[in-house]
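The values are calculated or read from the model by the stated rules, or taken from the named source; none is laboratory data. Everything quoted here is computed from the prediction, not taken from an experiment. Backbone-built Cβ (ideal geometry, glycine too); neighbour counts: all protein chains shown.
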Amino acid sequence: MTTKLFGEPVRRREDARLITGQGRYLDDIGSSAYAAAFLRSPYAHARIVDIDVTPAVDVEGLLAVYTYEDLVGPMAEPLPVLIPHPQLTSPRTGFPLAKNVVNHVGEAVVMVVATDRYVAEDALDKIVVTYEELPVVVGVDAAREAVHAVHDDVPDNVAARHHQETGDVEPALAASPHTLSFTQYFERSAAMPMEGKGVHARWDDADSSLRVYTSTQASTSVRAAIAAKLQLSLEKVEVIAPDVGGGFGVKIVHPWPEELLVPMAARLLGHEVKWSEDRREHFTSSAHERQQRQEVTVGYDDDGRITALDVHIWHDNGAYTPYGIIVPIVTATQLVGPYVIPVYRVRVESVFTNTVIVTPYRGAGRPQGCFAMERAMDRIAQERGLDRAEVRMRNLIQADQFPYDHHLTFQDGRPVVYDSGDYVGLMDKLKALVRWDSFEERRAEARARGRHLGIGMAMYVEGTGPGPYEGGHVQVLGSGKVLVSTGLTSQGQGHETVFAQLVASELGVPMEDVEVTTGDTRRFGYAVGTFASRAAVMSGNAVALAARGVKEKALRIAADVLEVDPGDLEIDEGLVQVKGTPGASIPLRTVAVLSNPLRYAFDEAAKQATQFAGPGDDSKPPVAVGDAPGLEHTDYYSPVRSTFASGAHAAVVEIDPATWEIDVVDYAVVHDCGNVVNPMIVEGQVHGGVAQGVGGALYERMAYDRDGQLQNASFMDFLMPYASEVPDVVIDHQETPSPLNPLGLKGAGEAGVIPGSAAIASAIEDAVGRRIAAMPISPTELYDLVRSDADQVSNTKTGVLA
Amino acid sequence: MKPAPFGYADPTTVEDALDVLAADEGAKVLAGGQSLLPLLSMRLAAPTTLVDINRVPGLDGIEVTPDGVRVGALVRHARLLHSTEAAAVQPLLGRATANVAHPAIRNRGTTVGSIAHADPSGEMTSVLALTDGSVTVATPGGRETIGWRDLFVGPLETSVHGPAVVLDAFFPGLPERSGTAFAEIARRKGDYAVCGAGVVVTLDADRRVSSARAAYLSVGLVPEVHDLSDAVAGKPVDSADWAAAGELARGLVDPDGDLHASADYRRLLVGTLTERTLATAAAEAASRAGAGQ
Amino acid sequence: MTSIQTERTITVVLNGVSREATVPVRWLLSDALRHEFGLTGTHVGCEHGVCGSCTVLVDGEPTRSCLVLAVQVDGHQVTTVEGLSRPDHQGGQVLHPVQEAFRECHALQCGFCTPGFLTTIAAGLDARDPAVEITDEEVDELVGGNLCRCTGYANIKKACRHAAATMRADVATKAQDGAR
């Protein structure tokens, strides 16, 4: 019997190359490529008066300089609005190189190409750009006040007004026994993968074709964008995502200007060109996320049950809207979490600021939504004198209410209908895991040591695996090797392992025989991308379906050879055999050979399939009508709507009242992502997500000053946690399969990060007895908070530092 | 993020190093490079010539005498951290270097280099000040000793100008019946301290506090040493009011605010760290005084 | 007087093999390793010495290769992640116990920061007495100076302990063999 693979902690096959330095990341490709580098705006908002490149011309090794004036055809047009939406009434995107105006520090103005990066930077130093500074808008509040406009033709700075409601909220609030309102802020962070972006392009003059390697989460769509912008036919462009050093959302945006300009230069220069983003560029020219101002009004009854919820959000989308209003929509629709909200209204104003664009970073609007909902739960508990867990319990959607329709429209344009879940189960497990009910003993023990101990919790529901589709191709070769490909890309999630587990499991072959390729348009041309915790759900199901197709064909062919009914056959360890009849069998590799009728024998195995090899049925064509040669199958998985994963986190913080340092001493996670293909990998995703959640709650904040200068554009001052800042995490699992897809999977990629800020804010409040109105919070801000007389203090002046 | 062009020289004598420095006003000395290299890569510094002194023999010694510890220009933090001989004479050296960044930085970065860099958030600048130390500087005119008060003139600025190589730093040994402590609060472990304190407590023959002095990190433009004896002098170790010393310290410092800490918060930490480190140092002093009897 | 150069030919014992190259003096060691010597296992994550992805061993000690000029290692030994394994007697490679442990404990995801962790931890484990059980403080010190954005560090710490345990078992076995 084939070893069980589905659900097993199979060790990763990616690791062999990555632990020996044999990985192939973007900058490892093309050792003889020319180097591109970019002159970027030092101003947050300015008119370009003049660009003088002549002083750079003398730099030895400089090969080319490009400004907006050098862009032709579609390249001279604005970058695409990737996800249009009717409510995105004033979409704005930049140009590959700035035309006339720059709208944030870091926007690309000039590209140079030189023999190496050192020389390229020498040239950049000599180029003189004259700017006329314009008024700067930083932070949601400044954008809202609209004293100045980011874009002249959008005077109120509002790119989109997103609005959803499930009933008439005002009368529902008026009729509620109790209401409470609060305003709070969530600050900017960023995905910040350890590898920045990067692009390598090679133009083949003889073939008039382009091969592009890019550190992306969406190679097929980058390909389409390059073809469109450079006016090439699609089949003349290949795009490959090599080993990618982390993405977390920032690499789903495309085409980045560099993804167009580097191929353009490679074509013009007839030579390989490469750009490897450095860390400083990544801070000021990639993407950030998360800043929102949230005004929440909630109605509830004496028992703490919510009767109505009204939320008004001001969402900072940065200078442009290439990714549409996905983040605001996700916040708006995922905010409701695992709770029954009888009447809900959400309005989101998505506003422009003179800062780096805001696009999804792991969690993609959910941490903010969770923060709003969970803070509301905590306040209701406080107002009613109830236990915070109890208030949540009373509001949870119950197990018999699935599928549960929230009457909202999700980011995929489909209804928010929770497919399955057990939220009461999550809460029970969490309380046991973190010993919620015996916390007061611990608090007393800490108090005796002079420390404030606090506990907090937060729950979430995450829509995962949105469509439209992914595909999978599975092919068995005559050697017995099984090739699997899918179009979406990998950034460390272990897809090579997980998809191999699925195919080996479905097909009945040893996992060692399976080879997986992702994100290579030469192998699979149709794909959407890796985002929204969708890879396992989408491509996992697609490759499983493709494997089932291969299996069906293999059994059919083998049945002919063995003269049995296909239904009596099974495949085990790569051998097609009659169930329960030892001996009657044929290797799958032989079936693969036979599946392709041959005239020419190119090797020993192939002889079996040649035209004089054996008796055939002369009355039929060698390839039956409707059939195709080869043992391969392509299939697609396209879900009717997203599947909804869920979880609950709790944090215990210890605070030293002499320094106000905040130590997360316990962190507990209960996690439900449906059936689990590889628990080792899922736990790894949770660990990583929690670290980002803790970072977002206590350390990481993009600090812009009033002039739109990012004050902490380095790893010295943007405080991503080291091991010393990340707590140990205890995890409990719950598996509620999704009824929507064949494998019963739900996504797991983003879950770990979502409730971090909500749970930690709750714990800090519990420890110090003061209300937190903005996250993240640092010791110096906590010190300000506890010293303040106000009932509620906005601990940070959002987005703007004095 | 690549350095701008520069010339490179790696002389094998101090005199040759001074010659290169004298010939080029834009030349800069390179020792450990752990602070300089990021500045070069960000093009925030662009020396015309780098004078790498790593091949000059004789600059890598730790010379320990009863009077104190002389640390050569090429001694890495990691070596000083693990020098039990140095710690026996001046325990602050090991205690402070343990707080310098992370091990990989300590393996390369030099103690003297960090003093010459004159960062008020640097550990070793404060320790030089607290121990009333000095540096030896070679110039074309000869060698001179500069005390810490004359050395540090501003953030990232020393009084050493023109062609000069800092050859060593001298940290006087710990007086009798004394104890030390060093502590930092950083946002992340290994980061520059939001606030740090090094202290020396000395007892009299009756094991009463005779002096308490503290130096702070990241609270001023240059390292500051404050005498806190007034708050605790004459008190037995067990009943000295360390909180009062903390209170006194809070009033003496005038920190600035930045991205990671407000001025008020720094002042709070000065008080807390002072109180905690003084208590630790006094206990050590008492134990040493006891052992000495 | 000492000459001032803009380019220099350096000789480095790189992963045990003497290599020579002519590099501009301003080149960082990280760039020379990657682009001159073709050892792309050393990754560049920040170029200001904070992330640790580029950590290599210079004369056996973990060093940020973005904070050292290539000319400065002239005449020195440099070990990169490619040099952590050693040849076995059958023409293959024996991984360092920490490399094995990273795979066993799922201590890497995207793998970009991994070489910096591996070199740092390998050097640390090699420098300690393997017969003594590793402490939490030692583990914290070994993993505490490098950034990872994927794993949350839990499994890196686990791998560190796992590798130390393997090395401990190895010396125990050798001691036993020696006693026989």
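Here A:Ser420 fulfils each of the conditions (1) assigned to a helix (DSSP H, G or I); (2) in contact (Cβ under 8 Å) with a residue 24 or more places away in the chain; (3) among the polar types (S, T, N, Q) apart from (1). Among the numbered conditions (1) within 28 Å of C:Cys66 (Cβ to Cβ); (2) away from chain C (no Cβ under 14 Å), tell me where B:Ser178 comes up short. With respect to (1) within 28 Å of C:Cys66 (Cβ to Cβ); (2) away from chain C (no Cβ under 14 Å), B:Ser178 is out only on (1).
Can you confirm whether A:Gly421 is on the phi > 0 side of the Ramachandran plot and within 31 Å of the chain's Cα centre (by Cα)? Yes. Residues in region C:126-139 that are touching a Lys or Arg at 6+ places or on another chain (Cβ under 8 Å) and not in a loop (DSSP other than H, G, I, E, B): C:Glu138, C:Val139.
Search region C:133-156 for residues being away from chain B (no Cβ under 14 Å) and in contact (Cβ under 8 Å) with a residue 12 or more places away in the chain, and hand back the single one that is surrounded by the most Cβ atoms within 10 Å (Cβ to Cβ). Across region C:133-156, the extreme among qualifying residues is C:Cys150.
Before we move on, is C:Gly60 farther than 21 Å from B:Pro3 by Cβ, modelled with pLDDT of 95 or more and surrounded by fewer than 23 Cβ atoms within 10 Å (Cβ to Cβ)? Considered against the rule, which asks whether it is farther than 21 Å from B:Pro3 by Cβ, modelled with pLDDT of 95 or more and surrounded by fewer than 23 Cβ atoms within 10 Å (Cβ to Cβ), C:Gly60 comes out as yes. Suppose we keep only residues that are among the hydrophobic types (A, V, I, L, M, F, W, C) and over 16 Å from the mean Cα position of the chain (by Cα) within region B:186-201. Which one would you say is surrounded by the fewest Cβ atoms within 10 Å (Cβ to Cβ)? Once the filter is applied, the top-ranked residue is B:Ala186.
Given the criteria facing chain C (nearest Cβ under 9 Å) and in contact (Cβ under 8 Å) with a residue 60 or more places away in the chain, does B:Ala17 qualify?
Details: facing chain C (nearest Cβ under 9 Å): yes; in contact (Cβ under 8 Å) with a residue 60 or more places away in the chain: yes.
Spelling it out, B:Ala17 is indeed facing chain C (nearest Cβ under 9 Å) and in contact (Cβ under 8 Å) with a residue 60 or more places away in the chain.
Can you name the residue in region A:1-48 that is over 25 Å from A:Glu281 (Cα atoms) and among the acidic types (Asp, Glu) and is also nearest to the other protein chains (Cβ to nearest Cβ) among such residues? The qualifying residue nearest to the other protein chains (Cβ to nearest Cβ) is A:Asp15. Of all the residues in region A:401-417, those that are part of a strand (DSSP E or B) and either on the phi < 0 side of the Ramachandran plot or not assigned by TED's automatic domain parsing to the domain that holds A:Ala332 (or both) number 8. State which residue is farthest from the chain's Cα centre (by Cα) when the search covers only region A:110-130 and only residues that are in a strand (DSSP E or B) and surrounded by 22 or more Cβ atoms within 10 Å (Cβ to Cβ). Among them, the one singled out is A:Ala114. Of all residues in region C:16-34, none satisfies being closer than 23 Å to A:Asp278 by Cβ, assigned to a helix (DSSP H, G or I) and at the interface with another protein chain (Cβ under 7 Å from one of its Cβ atoms).
Taking region A:713-730 as the search range and keeping residues that are surrounded by fewer than 20 Cβ atoms within 10 Å (Cβ to Cβ) and outside any loop (DSSP other than H, G, I, E, B), which one is nearest to the other protein chains (Cβ to nearest Cβ)? Top of the filtered list is A:Ser724.
Just to be sure before I move on: is A:Ser215 surrounded by 22 or more Cβ atoms within 10 Å (Cβ to Cβ), within 14 Å of another protein chain (Cβ to nearest Cβ) and under 25 Å from the mean Cα position of the chain (by Cα) in the structure I sent? Taking the combined requirement at face value, the residue satisfies it.
Please go through region A:688-712 and pick out each residue that is part of a helix (DSSP H, G or I) and small (Gly, Ala, Ser). Talk me through it step by step, then tell me what you get.
Initial filter on region A:688-712 (part of a helix (DSSP H, G or I)): A:688-698.
Hits for region A:688-712 are A:Gly688, A:Gly689, A:Ala691, A:Gly693, A:Gly695, A:Gly696, A:Ala697.
Note on region A:662-690: residues that are buried (at least 24 other Cβ atoms within 10 Å of the Cβ) and in contact with an Asp or Glu (Cβ under 6 Å, 6 or more places away or on another chain) total 1.
Name the single residue that is farthest from A:Val543 (Cα to Cα) among those in region A:644-661 being small (Gly, Ala, Ser) and surrounded by 23 or more Cβ atoms within 10 Å (Cβ to Cβ).
The initial filter retains those residues of region A:644-661 that are small (Gly, Ala, Ser), namely A:645-648, A:650-651, A:658.
Narrowing further to those that are surrounded by 23 or more Cβ atoms within 10 Å (Cβ to Cβ): A:645-648, A:650-651.
Numbers: A:Ala645: 21, A:Ser646: 25, A:Gly647: 27, A:Ala648: 31, A:Ala650: 36, A:Ala651: 38 Å.
Top of the filtered list is A:Ala651.
Listed by first and then second residue, the pairs with beta-carbon distance under 8 Å, at least 6 apart or on different chains, first residue in region A:720-733 and polar (S, T, N, Q), second surrounded by fewer than 21 Cβ atoms within 10 Å (Cβ to Cβ) and assigned to a helix (DSSP H, G or I), are A:Ser724/C:Asp140.
Of the residues making up region A:319-354, those that are over 20 Å from A:Val81 (Cα atoms) and hydrophobic (A, V, I, L, M, F, W, C) number 7. Which one is nearest to A:Tyr323 (Cα to Cα) among residues in region A:156-183 that are part of a loop (DSSP other than H, G, I, E, B) and within 32 Å of the chain's Cα centre (by Cα)? So, considering only residues that are part of a loop (DSSP other than H, G, I, E, B) and within 32 Å of the chain's Cα centre (by Cα), the one nearest to A:Tyr323 (Cα to Cα) is A:Asn157.
Identify, please: which residue in region C:88-116 is more than 13 Å from chain A (Cβ to nearest Cβ) and not charged (D, E, K, R) and is, among those, farthest from B:Thr110 (Cα to Cα)? Outline the logic, then answer.
Start the filter on region C:88-116 by keeping residues that are more than 13 Å from chain A (Cβ to nearest Cβ), which leaves C:88-91.
Checking which are not charged (D, E, K, R) leaves us with C:89-91.
Working: C:His89: 41, C:Gln90: 44, C:Gly91: 42 Å.
It comes out as C:Gln90.
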